[in-house]
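Following: one structure in C-alpha coordinates, then a few remarks.
The values are calculated or read from the model by the stated rules, or taken from the named source; none is laboratory data. Bear in mind the structure is a predicted one, so any value in this text is a computation, not a measurement. Counting neighbours? That spans all protein chains shown, and the Cβs are built from the backbone with ideal geometry, glycine included.
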Amino acid sequence: MLPCGGFPGKERPESGSRIDREASMNTLLLLLLLVGAEPLLVGAEPLPGPAQEPEALRSEVTRLESEVALLRGSLRERDQLLGTVREELAGVREDLRELRDRPQPVAAPFLAAPPAGSDKLGVAKAAVLAPRIEVESFLRHDTVVLRLRRVEATAVRNVAELELTPDASGVDLPIDHSGALYLVEWSTSEGHVYNLVLRDGASGQPAASVPVKEKQNEGRFVLVGYRVD
(Lines give C-alpha, C1' and ligand atoms only; values in the text may rest on other atoms or scores of the structure.)
Protein backbone atom coordinates (compact mmCIF):
# COMPACT_ATOMS: atom_id res chain seq x y z
CA MET A 1 0.00 0.00 0.00
CA LEU A 2 1.34 3.45 -1.06
CA PRO A 3 1.86 6.20 1.46
CA CYS A 4 -0.50 9.16 1.67
CA GLY A 5 -0.28 11.46 -1.25
CA GLY A 6 0.33 8.74 -3.76
CA PHE A 7 4.19 8.96 -3.51
CA PRO A 8 6.25 6.00 -2.58
CA GLY A 9 7.81 6.22 0.82
CA LYS A 10 11.41 6.29 -0.60
CA GLU A 11 10.88 9.29 -2.98
CA ARG A 12 10.26 12.02 -0.30
CA PRO A 13 13.84 12.07 0.87
CA GLU A 14 15.06 12.47 -2.75
CA SER A 15 12.88 15.61 -3.24
CA GLY A 16 14.13 17.22 -0.04
CA SER A 17 17.69 16.44 -0.92
CA ARG A 18 17.37 18.18 -4.29
CA ILE A 19 16.01 21.35 -2.67
CA ASP A 20 18.83 21.34 -0.17
CA ARG A 21 21.36 21.00 -2.98
CA GLU A 22 19.83 23.95 -4.86
CA ALA A 23 19.89 26.11 -1.71
CA SER A 24 23.51 25.22 -1.11
CA MET A 25 24.43 26.08 -4.67
CA ASN A 26 22.65 29.44 -4.39
CA THR A 27 24.51 30.20 -1.16
CA LEU A 28 27.84 29.23 -2.75
CA LEU A 29 27.11 31.40 -5.77
CA LEU A 30 26.32 34.37 -3.52
CA LEU A 31 29.57 33.85 -1.62
CA LEU A 32 31.53 33.70 -4.87
CA LEU A 33 29.92 36.92 -6.05
CA LEU A 34 30.82 38.62 -2.78
CA VAL A 35 34.42 37.36 -2.88
CA GLY A 36 34.79 38.49 -6.49
CA ALA A 37 33.50 41.97 -5.72
CA GLU A 38 35.72 42.45 -2.63
CA PRO A 39 38.85 43.61 -4.60
CA LEU A 40 36.74 46.29 -6.29
CA LEU A 41 35.52 47.59 -2.96
CA VAL A 42 38.89 47.64 -1.20
CA GLY A 43 40.55 51.11 -1.54
CA ALA A 44 37.61 52.68 -3.33
CA GLU A 45 36.79 56.24 -2.19
CA PRO A 46 33.26 56.74 -1.07
CA LEU A 47 31.17 58.96 -3.22
CA PRO A 48 30.67 62.36 -1.71
CA GLY A 49 27.50 62.57 0.09
CA PRO A 50 25.33 65.57 0.76
CA ALA A 51 27.22 66.32 4.00
CA GLN A 52 30.63 66.50 2.20
CA GLU A 53 29.62 68.89 -0.61
CA PRO A 54 29.37 72.13 1.52
CA GLU A 55 32.81 71.44 3.03
CA ALA A 56 34.39 71.05 -0.42
CA LEU A 57 32.66 74.24 -1.60
CA ARG A 58 33.94 76.20 1.41
CA SER A 59 37.49 74.95 0.76
CA GLU A 60 37.32 76.05 -2.90
CA VAL A 61 35.94 79.48 -1.94
CA THR A 62 38.74 79.94 0.61
CA ARG A 63 41.35 79.07 -2.03
CA LEU A 64 39.85 81.54 -4.52
CA GLU A 65 39.71 84.31 -1.90
CA SER A 66 43.41 83.73 -1.14
CA GLU A 67 44.32 84.04 -4.82
CA VAL A 68 42.25 87.24 -5.14
CA ALA A 69 44.05 88.73 -2.13
CA LEU A 70 47.43 87.96 -3.71
CA LEU A 71 46.33 89.60 -6.95
CA ARG A 72 45.14 92.70 -5.11
CA GLY A 73 48.50 92.94 -3.31
CA SER A 74 50.34 92.70 -6.64
CA LEU A 75 48.12 95.45 -8.09
CA ARG A 76 48.85 97.73 -5.11
CA GLU A 77 52.60 97.21 -5.52
CA ARG A 78 52.33 97.96 -9.24
CA ASP A 79 50.35 101.14 -8.56
CA GLN A 80 52.95 102.29 -6.02
CA LEU A 81 55.74 101.62 -8.49
CA LEU A 82 53.93 103.51 -11.24
CA GLY A 83 53.38 106.44 -8.87
CA THR A 84 57.10 106.55 -8.05
CA VAL A 85 58.00 106.44 -11.73
CA ARG A 86 55.58 109.29 -12.48
CA GLU A 87 57.12 111.43 -9.73
CA GLU A 88 60.63 110.76 -11.02
CA LEU A 89 59.60 111.59 -14.58
CA ALA A 90 58.04 114.84 -13.37
CA GLY A 91 61.32 115.72 -11.64
CA VAL A 92 63.31 114.92 -14.78
CA ARG A 93 61.00 117.12 -16.88
CA GLU A 94 61.46 119.98 -14.42
CA ASP A 95 65.24 119.58 -14.53
CA LEU A 96 65.21 119.55 -18.32
CA ARG A 97 63.05 122.68 -18.35
CA GLU A 98 65.49 124.45 -16.05
CA LEU A 99 68.44 123.40 -18.18
CA ARG A 100 66.69 124.57 -21.32
CA ASP A 101 65.82 127.92 -19.76
CA ARG A 102 69.24 128.40 -18.16
CA PRO A 103 71.52 130.66 -20.19
CA GLN A 104 74.48 128.91 -21.72
CA PRO A 105 77.90 130.09 -20.48
CA VAL A 106 79.79 132.44 -22.77
CA ALA A 107 83.22 132.20 -21.13
CA ALA A 108 84.27 129.00 -22.90
CA PRO A 109 83.52 130.28 -26.43
CA PHE A 110 85.35 133.52 -25.59
CA LEU A 111 88.51 131.69 -24.46
CA ALA A 112 88.34 129.41 -27.49
CA ALA A 113 88.39 132.36 -29.89
CA PRO A 114 89.07 135.69 -28.13
CA PRO A 115 88.73 138.87 -30.17
CA ALA A 116 91.72 140.96 -31.17
CA GLY A 117 92.73 143.74 -28.80
CA SER A 118 93.22 147.41 -29.64
CA ASP A 119 94.22 150.71 -27.97
CA LYS A 120 90.71 150.95 -26.55
CA LEU A 121 90.13 147.26 -25.83
CA GLY A 122 92.40 145.17 -23.69
CA VAL A 123 91.71 141.46 -24.18
CA ALA A 124 92.92 138.77 -21.77
CA LYS A 125 93.67 135.71 -23.91
CA ALA A 126 93.59 133.35 -20.92
CA ALA A 127 91.64 133.15 -17.67
CA VAL A 128 92.79 135.66 -15.06
CA LEU A 129 93.02 134.76 -11.36
CA ALA A 130 92.31 137.49 -8.80
CA PRO A 131 92.31 140.21 -11.48
CA ARG A 132 93.20 143.81 -10.64
CA ILE A 133 93.59 147.05 -12.58
CA GLU A 134 96.86 148.92 -12.05
CA VAL A 135 98.64 152.04 -13.26
CA GLU A 136 101.78 150.88 -15.00
CA SER A 137 104.01 153.80 -13.99
CA PHE A 138 104.36 155.90 -10.87
CA LEU A 139 103.56 159.09 -12.75
CA ARG A 140 100.74 161.18 -11.50
CA HIS A 141 97.30 160.19 -12.76
CA ASP A 142 93.80 161.40 -12.29
CA THR A 143 91.03 159.27 -10.82
CA VAL A 144 90.08 156.40 -13.07
CA VAL A 145 86.45 155.29 -12.81
CA LEU A 146 85.95 151.54 -13.34
CA ARG A 147 82.59 149.87 -14.04
CA LEU A 148 82.66 146.11 -13.68
CA ARG A 149 79.96 144.25 -15.63
CA ARG A 150 79.22 140.56 -16.05
CA VAL A 151 78.44 139.29 -19.53
CA GLU A 152 75.77 136.57 -19.70
CA ALA A 153 74.00 134.89 -22.59
CA THR A 154 70.88 137.03 -22.27
CA ALA A 155 72.11 140.22 -20.59
CA VAL A 156 75.05 142.26 -19.32
CA ARG A 157 74.69 142.88 -15.59
CA ASN A 158 76.34 145.56 -13.47
CA VAL A 159 78.54 144.15 -10.71
CA ALA A 160 80.34 147.10 -9.15
CA GLU A 161 81.66 150.63 -9.71
CA LEU A 162 85.15 151.37 -8.44
CA GLU A 163 87.62 154.26 -8.42
CA LEU A 164 91.35 154.09 -8.91
CA THR A 165 92.34 157.24 -7.04
CA PRO A 166 95.55 159.25 -7.63
CA ASP A 167 97.12 157.97 -4.42
CA ALA A 168 96.55 154.29 -5.36
CA SER A 169 98.48 152.22 -7.85
CA GLY A 170 95.84 149.53 -8.33
CA VAL A 171 92.46 148.11 -7.31
CA ASP A 172 91.13 144.54 -7.11
CA LEU A 173 88.10 143.57 -9.16
CA PRO A 174 85.29 142.05 -6.99
CA ILE A 175 84.40 138.95 -9.04
CA ASP A 176 83.12 135.54 -7.95
CA HIS A 177 84.38 131.96 -8.32
CA SER A 178 82.28 131.03 -11.33
CA GLY A 179 84.75 131.92 -14.05
CA ALA A 180 82.37 134.21 -15.87
CA LEU A 181 83.09 136.65 -18.67
CA TYR A 182 83.57 140.21 -17.39
CA LEU A 183 83.73 143.61 -19.01
CA VAL A 184 85.60 146.48 -17.31
CA GLU A 185 84.73 149.92 -18.65
CA TRP A 186 87.15 152.64 -17.60
CA SER A 187 87.20 156.40 -18.02
CA THR A 188 89.35 159.26 -16.74
CA SER A 189 90.23 162.86 -17.49
CA GLU A 190 92.77 163.94 -20.09
CA GLY A 191 96.18 165.38 -19.31
CA HIS A 192 98.33 162.42 -18.37
CA VAL A 193 99.84 159.65 -20.42
CA TYR A 194 100.27 156.18 -18.92
CA ASN A 195 99.14 152.60 -19.37
CA LEU A 196 96.35 150.82 -17.56
CA VAL A 197 97.21 147.20 -16.93
CA LEU A 198 94.96 144.22 -16.23
CA ARG A 199 97.11 142.00 -14.02
CA ASP A 200 96.77 138.40 -12.83
CA GLY A 201 96.91 138.77 -9.06
CA ALA A 202 97.91 135.13 -8.51
CA SER A 203 100.94 135.16 -10.82
CA GLY A 204 101.66 138.89 -10.97
CA GLN A 205 101.83 138.73 -14.76
CA PRO A 206 100.06 141.31 -16.97
CA ALA A 207 97.07 139.88 -18.86
CA ALA A 208 96.25 142.94 -21.01
CA SER A 209 97.16 146.63 -21.32
CA VAL A 210 95.68 149.79 -22.87
CA PRO A 211 97.19 153.29 -23.19
CA VAL A 212 95.74 156.43 -21.64
CA LYS A 213 96.76 159.32 -23.82
CA GLU A 214 95.56 162.52 -25.43
CA LYS A 215 92.08 162.18 -26.87
CA GLN A 216 91.81 158.69 -25.43
CA ASN A 217 90.52 158.77 -21.90
CA GLU A 218 88.15 155.78 -21.94
CA GLY A 219 88.17 152.17 -23.01
CA ARG A 220 87.45 148.58 -21.93
CA PHE A 221 89.02 145.39 -20.69
CA VAL A 222 87.41 142.01 -21.32
CA LEU A 223 88.42 138.91 -19.39
CA VAL A 224 87.36 135.58 -17.94
CA GLY A 225 88.14 135.89 -14.26
CA TYR A 226 88.19 133.74 -11.13
CA ARG A 227 88.23 134.95 -7.60
CA VAL A 228 91.04 133.57 -5.43
CA ASP A 229 90.57 133.80 -1.66
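Worth a mention:
- Complete set of residues in the stretch 148-171 that are out of contact with any Lys or Arg (no Cβ under 9 Å at 6 or more places or on another chain) and charged (D, E, K, R): Glu152, Glu163, Asp167
- Filtered residue count, the stretch 150-162, keeping only those that are more than 41 Å from the chain's Cα centre (by Cα) and surrounded by fewer than 11 Cβ atoms within 10 Å (Cβ to Cβ): 0
- Only residues that are closer than 17 Å to Leu146 by Cβ and at pLDDT 90 or above were counted across the stretch 213-229, and they come to 8.
- Every residue from the stretch 178-229 that is without any contact (Cβ under 8 Å) to a residue 60 or more places away in the chain, in a loop (DSSP other than H, G, I, E, B) and crowded, with 17+ Cβ neighbours inside 10 Å: Thr188, His192
- Summed over the stretch 147-166, residues that are assigned to a loop (DSSP other than H, G, I, E, B), touching a residue at least 40 places away in the same chain (Cβ under 8 Å) and not hydroxyl-bearing (Ser, Thr, Tyr) total 2.
- Screening Arg157 with (1) at pLDDT below 90; (2) at negative phi; (3) of a type in the set (D, E, K, R) gives one miss only, at (1).
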